[in-house]
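Below is one structure, written out as C-alpha cells; the observations come after it.
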Amino acid sequence: MKKSIIAFGVLCCMLASCHSKQQENAAMSDKQENQVINTIMSRRSIRKYQPHPVERDKMDIILQCGINAPNGQNKQSWEVRVVDNPELLDAMKEAIAKGHPTMNPEMAKGCFRGAPTMVFIARDKSYDFSPYDCGLLAENMVLSAWSMGIGSICLGSPVRFLTDNAECIPYIEKLGFSEGYELCLCVGFGYPDETPAAKPRDWNKVKYID
C-alpha cells in the first residue's frame, strides 16, 4: 500500500512536470509564431543602409501605420514630412555643418546615419501630450517598417542641429509645418546594410506591484 502511494505521488509529479513543460513549450511556440511579437523582439536600430530610398508605396504603408497609432483625445497632434531626395538631404547636412562650425564635419555628414529616407515629425506646441503622441507614431512606423524588411533609426540630435541656427532655418521652412508646430523627432528609413546584435535590456527595472 505504501509503495502504491509513493508510486502514485511520483506519477503525479511527472504529470505535473510534463504539463508545465507543455505549457512552457506552447508559450514559446506562440511567441515564435506571433508576427507582432517577432517584429518587436527582432527589430534593431540600423546605422548602415543601402543607398536607394524606400519605395513610396511602401512608405505610404509605414505612414498609414504611424498615423493610426494611439494618441491623446484623438488630437493627432503631429505633422509628418518625408524627404527622400538625396540632394535635399545633402543640402541639409551642409547647412548643419555651416551652422555648427566647431562640429566635427564627419558628425554633420553622418547626422542622418546614412538613411536614404528621412521622416521629420513635428508636434503641436499647444498640447502638452504631443511629444508622447509623436513617439507613439514613430514606434508604429519603425515596427511596421521592420515587418517589411526595412530598417530604421530614431534620431534626436538632428532636431537640435536644424533648429538652433540661422543656416538651417530655410530647410525647416521648406518642410512646411503649420504654425504652432515644432520639429520634435527625426526617423531614418532604408534597407539595412548591417545586422547588429541585440543589446541587453535590464529586466530588473520592471516590477509587479501587489
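Read the figures in this text as sums done on the coordinates, not as results from a lab. Remember, predicted model here, so these are calculated numbers, not experimental data. A quick note on method: Cβ atoms are made from the backbone with ideal geometry, for glycine too, and the neighbour counts reach across all protein chains shown.
Overview of values
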quantity	calculated
Qualifying position, being out of contact with any strand residue (DSSP E or B) (no Cβ under 9 Å at 6 or more places or on another chain), closer than 20 Å to GLY135 by Cβ, in contact (Cβ under 8 Å) with a residue 40 or more places away in the chain and of a type in the set (Gly, Ala, Ser), among GLY72, GLY66	GLY72
Residues of the stretch 126-169 satisfying the condition of being acidic (Asp, Glu) and under 20 Å from the mean Cα position of the chain (by Cα)	ASP133, GLU139
Sole exception among (1) farther than 24 Å from TYR191 by Cβ; (2) hydrophobic (A, V, I, L, M, F, W, C); (3) crowded, with 17+ Cβ neighbours inside 10 Å for PHE129, by number	(3)
Leading residue by the ranking (surrounded by the fewest Cβ atoms within 10 Å (Cβ to Cβ)) among those in the stretch 60-97 that are basic (Lys, Arg) and closer than 21 Å to GLY156 by Cβ	ARG81
Members of the stretch 147-173 found to be touching a residue at least 12 places away in the same chain (Cβ under 8 Å) and more than 30 Å from PRO196 (Cα to Cα), listed by number	THR163, ASP164, ASN165, ALA166, GLU167, CYS168, PRO170, TYR171
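Each row is one residue, and each column tells you yes or no for (1) within 18 Å of CYS168 (Cβ to Cβ); (2) among the charged types (D, E, K, R).
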| position | (1), (2) |
| --- | --- |
| LYS58 | no, yes |
| ILE61 | no, no |
| LEU88 | yes, no |
| GLY110 | yes, no |
| PHE120 | yes, no |
| TYR127 | no, no |
